[in-house]
Structure formats: C-alpha cells, structure tokens
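Engineer: Just dropping this structure here.
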Amino acid sequence: MSETVRETTIPQAAPHHASRWECFKSVRELTRRLAAPLSAEDCTIQSMPEASPTKWHLAHTTWFFETFVLAKIDPRREPYHPKFKFLFNSYYNAVGDRHPRPQRGLLSRPSLDEVLAYRHRIETDVLDAIAGAKLAPDVQALIDLGIQHEQQHQELLLTDLKHMLSCNPLRPAYQKNWPLTPIQAREPRWIRVAGGDRQIGHAGDGFAFDNETPRHKVWVHDFEMASHPVNNGEFIEFINDGGYRRPELWLSLGWDHVTARGWEAPLYWEKRDERWHMFTLHGMAPVELNTPVCHVSFFEADAFARWSQARLPTEAEWETAAATLPVEGNFLESGALHPLALREAPPEGTLAQVFGDVWEWTRSDYSPYPGFRPAQGAVGEYNGKFMCSQYVLRGGSCATPTGHVRASYRNFFPADARWQFSGLRLVRDA
Ligand SMILES: [Fe+2]
C-alpha cells in the first residue's frame, strides 16, 4: 500500500483583465490539477448522498458546456456519447429514474480515463468556438455561467473528497503541507456598523447569479460585528462548558440532531490523548486554537452564538458590513486548503477575514429577494428551486476559487450540513 502523497500544484487564477478564452482555459486546468493527485478509485467512490465523486464533478462540468454551449451553437451537433446526458446532468439530480443521486458512486463506467477524454474533447471544441467567429451574446453569457458553475464544483470537489478521505480509517492526506502558518492569538473586538435604509443585492456590471438579484431596499438596525470569525480555541471553551450537552442552548431541531447523531464537536474532530485533533486535506493535525473554526452546522453556529450571548448576522447585516471591503483573503489558490490564523492584527475598527477562510453562517433562510425571477431556460434551475429549508452563508472559504465570490454572493446549505468549510462570525445589537 502506497503512502505517497502526490503534489497538487494549483495555478493562479486568471487575472482580472483576462479574456474569456484565458478564463475558460485556466478554470478547466485548475479542475484537472485538483483531481491529479487522486487515484481512479479515489475519483469514483461517493461517501454520502449529498456528495458527488470527483469523476462525476469532472464529467458534469463538461456536460454543462456540451449541453448549454456547444449544442446551442450547433443544434445538429452529435452528442459526445448518447448516455452522458443521463449520467451527468444536474436537473434531475438522478441518473434516469431508477438511479438516484446517492448512487453516483456506483458509476464504475465510464472510466476516469474516458471521462478525462470527454473533458479534453469538449474543452477543445469550446476553445475553438471562443477563438472562432464572434459568438452571440447569449452564448457568451452561457460560457461565463459555465465558468462560474465549474468554479462552484471545484469547491464541492474538494469538500466532497475531503469527506470521502475522512471515511478511510487510515485518514489519508490529499496533500502534505503542514503546519500552514505561524499562529498568533488575536483578541476579537466589536466593530460598530451603522444601519439605516440600505440596499443589498448585485448591482452594476460583472457576473452575478440570479439569486443575488434584484438589488433592493432593506432596513438594518445599528449593530456590532466581531472583528474576525470564531476560532477553535473559543469553540473548545463552548465544548468544555457543556455546549453539546445543554439543550437550553440549542434550537429544538438542532438539539434533535445533537442527540440523534451524537455530535460532540465539529465534523472531523477526534480526541487523541486528551487533545483535539482534526482531519484536514493534509491528514490528521492538532486543532490550532487561533484558526477559524470550521465544519460546523447552522445549528452549532447558532448554539455557540447563544452561549456567547450574541447572535448570527442576518444576510442584510453581513452584506452591509462587507459591501465596501476588498474581496481578498485565503482562497483556494493560496494552496492552504484550510482556514488560516490571522497573521497580523487588523487596523483598529476594521473587519478581518470577511472573505475566504470559512463561509459564515447567517440567520437568514434562503429565500427569493423581492421581485426575483429565475433565469430563463434550463440554466435557471440552479438557484430558485433550492429556496426551501436552507440557510444563507456568506464570504467564501479556503476552497473557493479566487474571483468567484463578492459581497452579494449567496451560498446556501441545509441547517445540519457540516462538510463545507462553514464557520461563523458573531454580531450583537448596538
Ligand atoms: Fe452543477
């Protein structure tokens, strides 16, 4: 049995001014490199119904370009393979009627090599199309959407494979690059944010998903926000204070999950020799006290906030606080693939780690904005149909590609989801 960890080399994101051809090429290259350290077996198996195998992500992101871009350019185009649209579509979340999503991990065929050949062929055709005659504006928009869609799947590829590797008792590393940064304690400070008549949602040029629109008015009361996300040391205090054993701290449904599933710490945490350790993409590592806590559910974030005599922000509060900040932080391209401790104290009165590191749970359920209209056609099914029983997360994570998020970006997951890089930041009423 090999213990070898193959290197992941993560290329930098295409620069801001890059052409569509360059953006497409660099996004496709990044996906390929993310899968490169994995064996064909790693790429095939599926560890839980909500996750997908790497091979499926590789094929599905390609299916998107074949279906929505190449078939749009030439409606008479022969499909690459007559069955791939059933195997790798997303709108049914199923492989035909008899093979639901939980069985994506049973697709031993097509092989990984066949999927990579599919990727190569479709990629070449899309690059030729972009470089050829001027494309209609709707086709250009679909290519841009396909690029953003593939970036979403890059993050899912990493979180899904982390869960898959964590299920192996050997706790194998995806890459070895530990420890990540020098660690320094930073006292959280409360930063006052002025409320009032505000607007949230996407405005202006640049890409946005339909769920970020329309921009609309909200009323926000003055509030205070913590200077940085809750860290592991603070979360251990919550655990040591009986956080997971005190029903009064939990939402009723959250407490049901704690008791039914035996939660006693964030996902991937294990106690070894009386010390907390966690599974990371670098294998097992001691829990670092000053790093943002991650892999907590909405329920755990909410219980921690109640224990802290604070609360989670609404998404309007979060966006109001983040709207003018630069979108900088620890994203996928840093190569850490794990949240990092703050290196330098932020200037007095400023928020740190708003973007990158960990997605921050908000108290807002994922609902349509006033006047929301899903995008027309099959691509419109990506967001609107999920607006039920999910909560909004903001800010991106260490697995989000650079340039993919913005202040108005709305991610969403069910309240019990823990396998994303999800953490929290506290707010309190002013
Ligand atoms: Fe998708």
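The values are calculated or read from the model by the stated rules, or taken from the named source; none is laboratory data. This is a predicted model, so every value here is computed, not measured. No Cβ is skipped: glycine too gets one built from the backbone with ideal geometry, and neighbour counts run over all protein chains shown.
Engineer: Could you count how many residues in the range 119-160 are more than 16 Å from the ligand (Cβ to nearest atom) and touching a residue at least 12 places away in the same chain (Cβ under 8 Å)? Even if it seems obvious, please write down each step before you answer.
Structural biologist: First pass over the range 119-160, keeping only residues more than 16 Å from the ligand (Cβ to nearest atom): 120-121, 123-141.
Filter once more, keeping what is touching a residue at least 12 places away in the same chain (Cβ under 8 Å): 121, 123, 125-127, 129-131, 135, 138-140.
Count: 12.
Engineer: So which of 67, 44 ends up being away from the ligand (no atom under 16 Å from the Cβ), over 19 Å from the mean Cα position of the chain (by Cα) and crowded, with 19+ Cβ neighbours inside 10 Å? Don't jump to the end; show me each part of the working.
Structural biologist: Details: 67 fails: away from the ligand (no atom under 16 Å from the Cβ).
After ruling out the rest, the residue left standing is 44.
Engineer: Among the residues of the range 70-83, what is the count of those that are surrounded by 11 or more Cβ atoms within 10 Å (Cβ to Cβ) and over 25 Å from residue 144 (Cβ atoms)? Walk me through it before giving the result.
Structural biologist: Restricting attention to the range 70-83, the residues satisfying the condition of being surrounded by 11 or more Cβ atoms within 10 Å (Cβ to Cβ) are 70-73, 77, 79-81, 83.
Still in the running and over 25 Å from residue 144 (Cβ atoms): 81, 83.
Of the residues in that region, 2 qualify.
Engineer: Further, regarding this structure: Can you pull out the helices (runs of 4 or more DSSP H) entirely within the range 222-324 that have at least 2 residues that are closer than 21 Å to residue 191 by Cα and out of contact with any Asp or Glu (no Cβ under 9 Å at 6 or more places or on another chain)?
Structural biologist: On the way: elements: 232-240, 252-261, 298-307, 315-322.
Where helices (runs of 4 or more DSSP H) fall fully within the range 222-324 and carry at least 2 residues being closer than 21 Å to residue 191 by Cα and out of contact with any Asp or Glu (no Cβ under 9 Å at 6 or more places or on another chain), they are 298-307, 315-322.
Engineer: Which one is surrounded by the fewest Cβ atoms within 10 Å (Cβ to Cβ), of the residues in the range 190-220 that are touching a residue at least 60 places away in the same chain (Cβ under 8 Å) and over 25 Å from residue 387 (Cβ atoms)?
Structural biologist: Looking at the filtered set, the residue picked out is 192.
Engineer: Take the residues of the range 328-383 that are of a type in the set (S, T, N, Q) and over 17 Å from residue 420 (Cβ atoms): which is modelled with the highest pLDDT? Please lay out each step first, then the result.
Structural biologist: Here is the first cut: in the range 328-383, the residues of a type in the set (S, T, N, Q) are 330, 334, 350, 353, 362, 364, 367, 376, 383.
From the residues that got through so far, the ones that are over 17 Å from residue 420 (Cβ atoms) too are 334, 350, 367, 376.
Numbers: 334: 92, 350: 92, 367: 96, 376: 77.
Once the filter is applied, the top-ranked residue is 367.
Engineer: Considering each of 408, 367, 389 in turn, give the residue that is among the small types (Gly, Ala, Ser), assigned to a loop (DSSP other than H, G, I, E, B) and touching a His at 6+ places or on another chain (Cβ under 7 Å). Please lay out each step first, then the result.
Structural biologist: Values: 367 fails: touching a His at 6+ places or on another chain (Cβ under 7 Å); 389 fails: touching a His at 6+ places or on another chain (Cβ under 7 Å).
Just a single option satisfies the conditions, and that option is 408.
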